[in-house]
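Engineer: One structure follows; several queries about it will come next.
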Number of protein chains: 2
Amino acid sequence: MHQTVDAALGINLLHANQEGADHNRAHFDAWGVTCFNVMSSPGAGKTVLLERTLTALKDELNLAVIEGDMTTELDADRLRKQGIPVIAINTGRSCHLDAQMVAGGIHQLEQCTDSQSLDLVLVENVGNLVCPAEFEVGEHAKIALLSVTEGEDKPLKYPVMFQSADCLLVTKIDLIPYLEINLEQIHYNVRQLNPQATIIPVSARSGAGLAQWFDWVRQQVAQRQRPVVSSH
Amino acid sequence: MHQTVDAALGINLLHANQEGADHNRAHFDAWGVTCFNVMSSPGAGKTVLLERTLTALKDELNLAVIEGDMTTELDADRLRKQGIPVIAINTGRSCHLDAQMVAGGIHQLEQCTDSQSLDLVLVENVGNLVCPAEFEVGEHAKIALLSVTEGEDKPLKYPVMFQSADCLLVTKIDLIPYLEINLEQIHYNVRQLNPQATIIPVSARSGAGLAQWFDWVRQQVAQRQRPVVSSH
């Protein structure tokens, strides 16, 4: 939160956002759809992770993306090549997606696809390790990415993101040989803040760890799918 | 800016911040001190750049640091090993330093050092490629860092930072052989937004480009130093 906004106003903003997020989640629940909020610093590899995930899972799950960027549709255009619905939201000067923006995305999704048939909506947030963690958008799980190039200390310095993550993907592990980085120290620092999160080291380039991530995605989706109504 | 703050309030916040920034700059000008606002994504290498800069220049310039982090004094403690004044500001939940926070840092600096004798105050902002670009803190120059690991598209996707930078340091160039990255494309993308900025590719690890950066710092400081008052 911007500290220049006074505390009461800040609380009201977050409260109003939370109501909007709960409303979005109710939409997703009514559809039997799982929603992930994918967050990280700029350049940690969110879009390439989504590319790999769509490629791997689009034949077994019905997927859609809500793609947040301050400006441009560069990432949305990359993902549209996968042939799935991708709704682009330009946040303008805003440093994060909020529930209201994602509500707009949900209504666009309803226009362009059979929302009832979707299994998973992936929301790619603006690249920012701070504010997206505070503004829920209606997700069922928060996915945080931390690139090994960012350093071991980031969980300690940006704790809100790492405290709230359900799954942390430690990305670009193919670069470890060229860095002075200790993967164990990243794990240790995250565990100080968040004992529950699933932590998966991955490389979109080499493919390492991606199978474990896809399995985690499948489990999350299976948990929330509507039970098949018996025909007799 | 958070779009959930209405437009008028947003403008008022930025206006009040600008007044505070101008006040801070008047302090620096009265001291004959240059101030840099050093900004980037988390993990782009701001702190190691400052370490190298302090090591190289502390014998010829009087330096101080105002170190912004959401939480912890990890970076401040790293820089204190250089034996110069380092004021730590924890921003709490705020995603950027603002002029009021830096005013507090300036007053602390006045307590712990002879502020009149300083040449350069380096403000290290919170790691965030969005909001710090909008909240001036009283700096004379904005220094933006972009790591080659973040990708060529970041200037296009986070334009405010790259439009406003006086000097852009493209960092971690020692990693280029291990990445699919084109340095010329980064230059091209920045130039679309900002024809004037000085662009210096650097590696804190190999030392490449640092001599050019130190010269740029020296020139900036020399421009603003008070003329020596003649003794006769």
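Engineer: Among the residues of segment A:148-181, what is the count of those that are among the hydroxyl-bearing types (Ser, Thr, Tyr) and more than 20 Å from A:Pro195 (Cα to Cα)?
Structural biologist: Number of matching residues: 2.
Engineer: How many residues does segment B:55-74 contain that are in contact with a Leu (Cβ under 9 Å, 6 or more places away or on another chain) and closer than 20 Å to B:Leu210 by Cα?
Structural biologist: Total meeting the criteria: 7.
Engineer: Let me ask something else. Which ones in segment B:101-138 are among the polar types (S, T, N, Q), more than 7 Å from chain A (Cβ to nearest Cβ) and more than 11 Å from the chain's Cα centre (by Cα)?
Structural biologist: Hits for segment B:101-138 are B:Gln108, B:Gln111, B:Thr113, B:Ser115, B:Gln116, B:Ser117.
Engineer: On to the next question. Modelled with pLDDT of 95 or more, surrounded by 16 or more Cβ atoms within 10 Å (Cβ to Cβ) and at the interface with chain A (Cβ under 10 Å from one of its Cβ atoms): does that describe B:Ser40? Full working, then the answer.
Structural biologist: On the way: modelled with pLDDT of 95 or more: yes; surrounded by 16 or more Cβ atoms within 10 Å (Cβ to Cβ): yes; at the interface with chain A (Cβ under 10 Å from one of its Cβ atoms): yes.
Judged against the criteria, B:Ser40 is a match.
Engineer: Go through the residues of segment A:21-34 one by one and say whether even a single one is crowded, with 22+ Cβ neighbours inside 10 Å and in a loop (DSSP other than H, G, I, E, B).
Structural biologist: Within segment A:21-34, one or more residues are crowded, with 22+ Cβ neighbours inside 10 Å and in a loop (DSSP other than H, G, I, E, B).
Engineer: Out of A:Gln82, A:Gln108, which single residue is surrounded by fewer than 19 Cβ atoms within 10 Å (Cβ to Cβ) and over 25 Å from A:Ser206 (Cβ atoms)? Steps first, answer last, please.
Structural biologist: Values: A:Gln82 fails: over 25 Å from A:Ser206 (Cβ atoms).
The match here is A:Gln108.
Engineer: Continuing with this model, one more query. Which of the residues spanning segment A:101-144 are in a loop (DSSP other than H, G, I, E, B), in contact with a Phe, Trp or Tyr (Cβ under 8 Å, 6 or more places away or on another chain) and hydrophobic (A, V, I, L, M, F, W, C)?
Structural biologist: Residues satisfying the conditions are A:Leu118, A:Leu129, A:Val130.
Engineer: So, one more: Across segment A:145-162, which residue is farthest from the other protein chains (Cβ to nearest Cβ) among those that are touching a Pro at 6+ places or on another chain (Cβ under 9 Å) and either under 22 Å from A:Trp213 (Cα atoms) or part of a loop (DSSP other than H, G, I, E, B) (or both)?
Structural biologist: A:Phe162
Engineer: Does segment B:38-53 contain any residue that is within 30 Å of B:Val148 (Cα to Cα), part of a helix (DSSP H, G or I) and among the polar types (S, T, N, Q)?
Structural biologist: yes
Engineer: Here is a list: B:Asn17, B:Asn12. Which entry is of a type in the set (S, T, N, Q), part of a helix (DSSP H, G or I), within 14 Å of chain A (Cβ to nearest Cβ) and more than 20 Å from B:Val126 (Cβ to Cβ)?
Structural biologist: B:Asn12
Engineer: In addition: Among the residues of segment A:166-186, which ones are touching a residue at least 40 places away in the same chain (Cβ under 8 Å) and not in a helix (DSSP H, G or I)?
Structural biologist: Within segment A:166-186, A:Cys167, A:Leu169, A:Thr171, A:Lys172 meet the criteria.
Engineer: Against the conditions (1) within 14 Å of chain A (Cβ to nearest Cβ); (2) among the hydroxyl-bearing types (Ser, Thr, Tyr); (3) within 15 Å of the chain's Cα centre (by Cα), where does B:Thr53 fall short? Just the number, please.
Structural biologist: B:Thr53 satisfies all of (1) within 14 Å of chain A (Cβ to nearest Cβ); (2) among the hydroxyl-bearing types (Ser, Thr, Tyr); (3) within 15 Å of the chain's Cα centre (by Cα) except (1).
Engineer: Then there's this: State which residue pairs qualify: first residue within 14 Å of chain B (Cβ to nearest Cβ) and inside segment A:56-74, second residue of a type in the set (Asp, Glu) and surrounded by fewer than 19 Cβ atoms within 10 Å (Cβ to Cβ) in any location, beta carbons under 8 Å apart, and separation of 6 or more residues or different chains.
Structural biologist: A:Glu67/A:Glu73
Engineer: Oh, and also: Just checking, which of B:Asp77, B:Asp114 is surrounded by fewer than 22 Cβ atoms within 10 Å (Cβ to Cβ), free of Cβ contacts under 8 Å to residues at least 12 places away in the same chain and touching a strand residue (DSSP E or B) at 6+ places or on another chain (Cβ under 9 Å)? I'd like the intermediate steps shown before the answer.
Structural biologist: Details: B:Asp114 fails: touching a strand residue (DSSP E or B) at 6+ places or on another chain (Cβ under 9 Å).
Going through B:Asp77, B:Asp114 in turn, the sole match is B:Asp77.
Engineer: Go through (1) at pLDDT 95 or above; (2) farther than 30 Å from A:Arg205 by Cα; (3) crowded, with 16+ Cβ neighbours inside 10 Å for B:Ala211 and report which single condition fails.
Structural biologist: Result: B:Ala211 passes all but (3).
Engineer: Which numbered condition trips up A:Asn189, out of (1) in a loop (DSSP other than H, G, I, E, B); (2) in contact (Cβ under 8 Å) with a residue 12 or more places away in the chain?
Structural biologist: (1)
Engineer: Taking segment B:26-50 on its own, how many of its residues are under 15 Å from B:Glu139 (Cβ atoms) and within 14 Å of the chain's Cα centre (by Cα)?
Structural biologist: So the count comes out to 9.
Engineer: Among the numbered criteria (1) at pLDDT 95 or above; (2) hydrophobic (A, V, I, L, M, F, W, C); (3) part of a helix (DSSP H, G or I), which single criterion is violated by A:Val65?
Structural biologist: Every listed condition holds for A:Val65 apart from (3).
The values are calculated or read from the model by the stated rules, or taken from the named source; none is laboratory data. All values derive from a computational prediction rather than experimental measurement. Positions of Cβ are backbone-derived with ideal geometry, glycine not excepted, and every protein chain shown enters the neighbour counts.
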